[in-house]
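Report on one structure; see the data block that follows.
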Amino acid sequence: MKSLLSSSYILMFDEYYSFQPRLKEMCTCIELKNFSSTKYMCSKKIFDSISEKIKKVENSLFFLGAGEYHHITYMLLKKFNKTLSLIVIDKHVDYSDTYPGFITCGSWLKDAAALNHVAEIFVLSEEKKNIYNNKIKIFSPVEYKKIKPHLPVYISIDKDILTKSSINTTWDQGHCLPKTLIEIVLYLSSAFEIVGADICGEPPAQFFSPEHKKSEDINLKLLLLLTAKSQSIVA
């Protein structure tokens, strides 16, 4: 294992992680429910206010909630003061235009590419999308070993890359199995210096849904793989 993250946090924008008690026990929860207008899209002004609540981003893993909060990745990346490579694992390539002054869960990658300290971006996605940005290279999930970052790495994972039979998220989904996702992250964390990571793609927040335990099991495996809380993982 080349490097392990030292801290893990849950950003509590809503009640998603109330259904994942084992995960909550292993993370520090940051309450953010008082911030309105954060789901799906967020103004840069609100981002700045949320950012003040998060003191440590380097060497940390963040759980963001459903895929509707994937744009929080941009806020976390913005707080880094070192040049890095970004690796995104996602069913979708979140590179779209949006309203001036706002960032959405479908546009955040375009904003991340505009950050000077994000030098290169590798996206593992099943979506075929033409991106006219020299920073960004797109690969299918099975091509993960083709990724060759030149700098310390930040990993962003949306679990909608996974099959619906393994977890039912709030978006359309890919064909990746949890075992394959674990294999990809294990390779990345073993081969490269990881300086930060985040995970989103939770199921709908419904009482007594079996999807919560499925999602929690995957989250725990990824947490134990990426952080210093454990030196081993059972896929």
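The values are calculated or read from the model by the stated rules, or taken from the named source; none is laboratory data. Keep in mind that what you see is a predicted model, and the values were worked out from it rather than measured. Every residue, glycine among them, receives a Cβ derived from its backbone with ideal geometry; neighbour counts consider all protein chains shown. Just the protein is used for accessible areas: all its heavy atoms, side chains included, with ligands, DNA and RNA removed. Shrake-Rupley method; radii C 1.70, N 1.55, O 1.52, S 1.80 Å.
Okay, here's what the table says:
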{"item": "1.4 Å probe accessible area per residue over the range 99-235, in Å²", "result": "46"}
{"item": "Local electrostatic count, Ile131, Cβ distance below 10 Å [Lys/Arg +1, Asp/Glu -1]", "result": "+4"}
{"item": "Of Lys24, Lys79, Lys53, the one that fluctuates the most in a GNM where the chain has Cα springs shorter than 10 Å", "result": "Lys53"}
{"item": "Highest-MSF residue in the chain out of Glu25, Glu183, Glu127 [GNM, Cα springs under 10 Å]", "result": "Glu25"}
{"item": "Under-5 Å amide H pairs with Ser107, H placed in peptide plane, nonlocal only", "result": "Ser96"}
{"item": "Per-residue HN-Hα couplings for the range 115-128 [Karplus 6.51, -1.76, 1.60; θ = phi - 60°; Hz; x = Gly/Pro]", "result": "6, 4, 7, 8, 7, 8, 9, 10, 10, 9, 8, 8, 6, 8"}
{"item": "Length released on extending from Glu52 to Asp217, taking residue separation times 0.36 nm less the Cα-Cα span", "result": "56.3 nm"}
{"item": "Cβ-based net charge around Lys110, under 9 Å, with every Lys or Arg adding one and every Asp or Glu removing one", "result": "-3"}
{"item": "Scattering curve values for the range 1-160, log₁₀ I(q)/I(0), Debye with Cα scatterers, q = 0.10, 0.14, 0.18 Å⁻¹", "result": "-0.35, -0.72, -1.22"}
{"item": "GNM top mover of His175, His150, His212 - the chain, alpha-carbon springs below 10 Å", "result": "His150"}
{"item": "Modelled FRET efficiency - R0 41 Å, Glu143 with Ser37, Cβ distances, 0.05 increments", "result": "0.65"}
{"item": "Cα→Cβ-extended label distance, 7 Å offset, between His117 and Asn133, nm", "result": "1.8"}
{"item": "Accessible area of the chain belonging to carbon and sulfur atoms, whole % at 1.4 Å probe", "result": "54"}
{"item": "For Leu84, net neighbour charge (Lys/Arg +1, Asp/Glu -1) across residues whose Cβ lies under 10 Å away", "result": "-2"}
